[in-house]
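Please read the structure below before turning to the comments.
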Amino acid sequence: MKMLRALVMRLTGMVPGRRRARERELAAEIDGHLQMHIDDNLRAGMTPEAARREALVHLGGVEATKEAYRDRSTIPWLDHLLQDLRFAFRQLRKNPGFTCTAVFVMALGMCASVAIFAFVDTALIKPLPYRDQSRLVVVAETAPDYARAILSYADFEHWKKLNHVFQSIDAYALNGGFTLSTRTGAEPAAGTRVSAGFFRTLGVVPFLGRDFYPGEDSPAASPTVLISYAAWQKRFGGTNEVLGKTVTLNGSPHRIIGVLPRDFHFALYGLAEFWSTLRSSDSCEQSPGCRNLLTVARMRDGVSMKAAAADMQVVARQLQKEYPDLNGELGASVMPLRDAIVGDIRPILLVMFSGACLLLLIAGVNLTTLLFARSDGRHREIAVRSALGASSSRLFHQFATEGLVLAAAAGSLGLAGAEWGMRLLASIVPEDKLEGMPWLRELGLDHRQIAFACGISVVAGAIFAAIPWLRVSLPSLADGLRAGTRGSTGTMWQRVGAKLVTVQVALAVVLMVSSGLLGKSLYLLLHVDTGMRPGHLASAQVDWLPDRYSTDEQTVALERRVLHKIAALPGVRSAAVSLTHPVGSDWGTTGFHIVGRPDQGLHHEVISRQVSPAYFSTLGARLIEGRYFADTEDTSKPPVVIVNRTLAKRYFAGEDPIGKQVCYAWSPQTPREIVGVVDDIKEGSLENPNWPAIYTPFDQNPAGMMTVLVRTSMAEKAVLPEITVAMHQIDRDLSVHDETTMTQRINDSPAAFLHRTSAWVMGSFAGIAFVLGVVGLYGVVAYSVSQRTREIGIRIALGADPRSVYQLILREAVRVVGVGTVLGVAGALAASSLIRGLLFGVRPWDWPTLLTAITALGLAAALASFIPARRAASVDPVEALCAE
Amino acid sequence: MGDKTDVWQGTLALMVLKTIETLGPLHGYGIARRIEQTSGNLLSLNYGTLYPALLKLEQEGAIASEWGVSENNRKAKFYRLTRAGRKQLDKAALDWEQTTAILARFLAPSGGPA
């Protein structure tokens, strides 16, 4: 209490008005004190002079008393700090060019690194919304060349029974998607089917209502469904009455039993509004060769990832022995859930983060150069101040304060910029990509980012403070008082400054080459040979109610009506259907074997597509040999297939595949004759190598879903709404979704999106690095010219021609840029082998990219050093010599 | 002056408070003089150190000050004890007595039980 009161009094004592009044009062009090003491001394018989001296001695000095009193009346360190702050602000205001540049450069570096750090943090560090997520794994089947294969229901059941390492293992279907019946007709609704324990395995408890109970995924149980928080809000008004309501999904009524928590997401599937249960009675689940599941499992306590993988290998081998025709080559893999979710973007994020850190480093180096240049100018000021009695610690405090003010300004600006940059980055993520990266919705500044930013600021502040301090304390202070010491300080600055610019140039080369490689990858990716002509091509997925088209005949009839209707649309040149669209996922594979081969019985996993006869001609595919399907080829004709070039090469090397017979794993008794070989069409994702693929006529083997492909003579976008209208004319309950053009599909494909984002981000980093490097070089050369004006004047006066002056100045620039470039190229080669995994179709040592980067930098560097060199060459000797 | 004792840390405040309590409102010079006299001139007191100490006590609220005129007509600042100061004095005096009593027992020539 007492201390607090004293503290408040001391704080208020620092108010300038109080300070003056107190000084006057203290002077009067001490004056009175001395007078009284002198009076007493006189009375004791001293001479006036002795009386005065004795009083002063006994007091201990008037100024010392006042100083001690002052220290007690305020808080000295705070007082000094305020003084330093005032001084720092005054200094920085006096030098707006330096201040703005320093703050801006630092803020830029910080903004980039904090924004990217936020992405890294939300994607890689923040916990997922599942309980004890480190125990969660994804278990997948592996086939040769196929790391994460899709599981059949039968295998899922076997795994559940045979494994010893999982507390629980649950599956979700990849072929989800519901047709929701509403009053106005059917509409597509996102969602999928899961095994009953799915949410318990994840450790997610419904926010309202209950979870599926064990066994609720058996055929006997009545169909139930859990809905997402968003669906609850959007479709059911967010009321509690939703529980017990019935929704019609895919034509059958489902009772709503619960609502999932608001923060729940399951990025592996993506957007889902409805979660119903898997049923062993569903057609795909019934067929042991039909693969549509992926699993999530929770490891038992004490089981390591390695042990889990080993156990699953044993299980897989057991199944291989038991079911050689279905599980022949299949193994099993276990990976952490988080890796499965962010595996694709982790390397890209890390590369971007490294890029941002490099940029930050460049900004730091740039600042260091600036500070060196500035401290040179202040050398004399500091020498004068220390000669006038500023203690060395006091000088240091002043530098530190100035540094901290700069760092704080840059930090807050950088943080604000980061917030903005994050929004910008998040806004370029399209809505459908966001479903695969739901954590991005939580992007924002939080304590970790702020701590990260503060850490950078503190380091920056330390650099700001240390450089002028070192600069001052290294050469003896007294030197600074002598006039004309520019020679020594100048060379020191040139030495250090030139080194720093070399570093900047090197880092800029690294960033430029990396971004160049990423940009080139993006270009190559977008122009990869898809095996078709993507222009004037549109596609849309059509779903129907399964009970309305339950037989093959009904499905075929529907397909024919769909094709007929679409072919009649204006501007449509041809139309076809396929199981799913090209440039899609690696979904839709099947096992097959070749009739009459000794390896019969071994399992080969290939892409399988049911297509209508016009599929290849509509896409503009290239037939290599044989023929396409005929319109008449349906179940009444012998079964036929077309294979792609990769399959022909892999399985029929040196043979003619035409006329050979293959069987699907799910119908081993039906041999199908190969009638054609088509050049590879990019059925799977854009960046992956082409996979072996088998095509069968839709009419011989109708699929449970289809995508319509349309080649148009007019703008393909215009036909999309008409497709929907045409479908609803056939059946009001047909739902059309995922309608887009092929060009758009290629541009928006996940691979292109990731490459584009990283190329853009790295490109802008490289641009900034380039500008900073060139400006840094200009600064060094210009400074050196300004320091050598006198010398150049003398040279010119003695008859040097302008060319030798140019040489004098440019030689330095060439050395700095040359060394920087060599270092940069070495760094770039190292960096690009680190980003090798992100490159598409371009080698890490891509000479054109390297040469382009070096040429661009060289030209800019030539310009940046030519300007000051020209100034040097045009120095007027008389003026230069009189300047001092 | 060589054999005079310096004022111990922390005791100056107590001496100041006691002096003001005994003599009533008093100026800085008077307090300094009185402390010297009371100590039988054994304490060497730099008068200048008194002023920060007075300021500290005033900041803590133990004393208050106002301007007045001294006995021989000099303008001076007079310090008086506040109620909080009186309490502080009583407590400090008690503490000090206890401390010295304990120390005295230790230092007594006959000593305690061995």
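Every number here is computed from the coordinates shown, using simple stated rules; none is lab data. Every value quoted in this text rests on a predicted model; they were computed, and no experiment measured them. Cβ sites come from the backbone with ideal geometry, for glycine too, and all protein chains shown count toward neighbours.
Footprinting exposure proxy ranking of A:673, A:655, fewest other C-beta atoms within 10 angstrom first, gives A:655, A:673.
Between residue A:459 and residue A:786, the contour length at 0.36 nm per residue exceeds the Cα-Cα span by 114.6 nm.
Among the residues of A:29-41, the average count of other protein chain beta-carbon atoms within 10 Å of the residue beta-carbon is 6. Each label was represented as a point 7 Å from its Cα along the Cα-to-Cβ direction; for residue A:12 and residue A:585 these points are 7.1 nm apart.
Under a model in which nothing but the beta-carbon of Lys, Arg (+1) and Asp, Glu (-1) is charged, segment A:545-733 shows a dipole of about 340 debye around its Cα centre. Counting only other chain Cβ atoms within 10 Å of each residue's Cβ, the peptide A:73-81 averages 1. The angle separating the long axis of helix A:96-120 from the principal Cα axis of greatest extent in chain A is about 30 degrees. With R₀ fixed at 22 Å, the C-beta to C-beta distance from residue A:255 to residue A:431 puts the FRET efficiency at about 0.15. By the Cα gyration tensor, segment A:2-74 has an equivalent ellipsoid whose semi-axes, rounded to whole angstrom, run 32, 11, 10 from largest to smallest. Mean residue ellipticity at 222 nm, helices only, the protein assembly as shown: -18000 deg cm²/dmol; runs of at least 4 DSSP H residues each add -39,500 (n - 2.57), and the sum is divided by the number of residues. Fraction of C-alpha pairs exceeding 26 angstrom in segment A:127-283: 26 percent, rounded to a whole number. Highest mean packing first, where packing is the average number of other Cβ atoms within 10 Å per residue, the peptides A:632-641, A:458-467 line up as A:458-467, A:632-641. The local environment of residue A:611, defined by Cβ-Cβ distances under 11 Å, has a net charge of -2 under the rule Lys, Arg +1 and Asp, Glu -1.
Between residue A:350 and residue A:870, residue separation times 0.36 nm minus the direct Cα-Cα distance comes to 182.8 nm. Highest mobility in the GNM of chain B, judged by mean-square fluctuation with C-alpha springs under 10 Å and restricted to B:36, B:58, B:66, is found for B:66. Among the listed pairs A:66/A:94; A:94/A:499; A:66/B:75, those whose Cα-Cα separation exceeds 30 Å are A:66/A:94. When restricted to Cα atoms, segment A:700-754 yields an Rg and a Dmax of 13.5, 39 Å, respectively. Using only the alpha-carbon atoms of the protein assembly as shown as identical scatterers, what base-10 log of I(q)/I(0) does the Debye formula give at q = 0.07, 0.08 Å⁻¹? Here the Debye-derived log intensity ratios amount to -0.83, -0.93.
Taking other C-beta atoms within 10 Å as the exposure proxy, A:33, A:397, A:254 rank A:397, A:254, A:33 from fewest upward.
So if R0 is 22 Å, what FRET efficiency would residue A:388 and residue A:83 give, r being the distance between their Cβ atoms, rounded to the nearest 0.05? Efficiency at R0 = 22 Å is approximately 0.90.
Counting 0.36 nm for each residue step from residue A:800 to residue A:667 and taking away their Cα separation leaves a gain of 38.6 nm. With viscosity 1.002 mPa s and temperature 20 °C, the Kirkwood radius over alpha carbon pairs of segment A:545-733 converts through Stokes-Einstein to a diffusion coefficient of 124 µm²/s. Restricting attention to segment A:545-733, the count of lysine pairs at 8 or more positions apart or across chains with alpha carbons under 26 Å apart stands at 7.
Local charge for residue A:408 was computed over the other residues whose Cβ lies under 14 Å away, with Lys and Arg +1 and Asp and Glu -1, and equals -2. Across B:42, B:50, B:14, mean-square fluctuation computed from a Gaussian network of chain B (C-alpha pairs under 10 Å connected) peaks at B:42. Per residue of peptide A:6-17, the mean number of Cβ atoms on other chains within 10 Å of the residue Cβ is 2. Distance between the pseudo-spin-label points of residue A:771 and residue B:37 (7 Å out from Cα toward the beta carbon): 8.0 nm.
Excluding residue B:97 itself, calculate the net charge of residues whose Cβ lies under 15 Å from the Cβ of residue B:97, where each Lys or Arg counts +1 and each Asp or Glu counts -1. Result for the neighbourhood of residue B:97: +1. The distance between label points at residue A:31 and residue A:855 comes to 8.4 nm (points 7 Å beyond Cα on the Cα→Cβ vector). Taking every lysine pair in segment A:145-328 that is 8 or more places apart or spans two chains, those with Cα atoms closer than 26 Å amount to 6.
Expressed as a whole number of Å, what is the distance separating the alpha-carbon centroids of segment A:581-652 and segment A:668-689? Their Cα centres are 4 Å away from one another. Ordering A:291-303, A:774-786 by mean Cβ neighbour count within 10 Å, with the highest value first, yields A:774-786, A:291-303.
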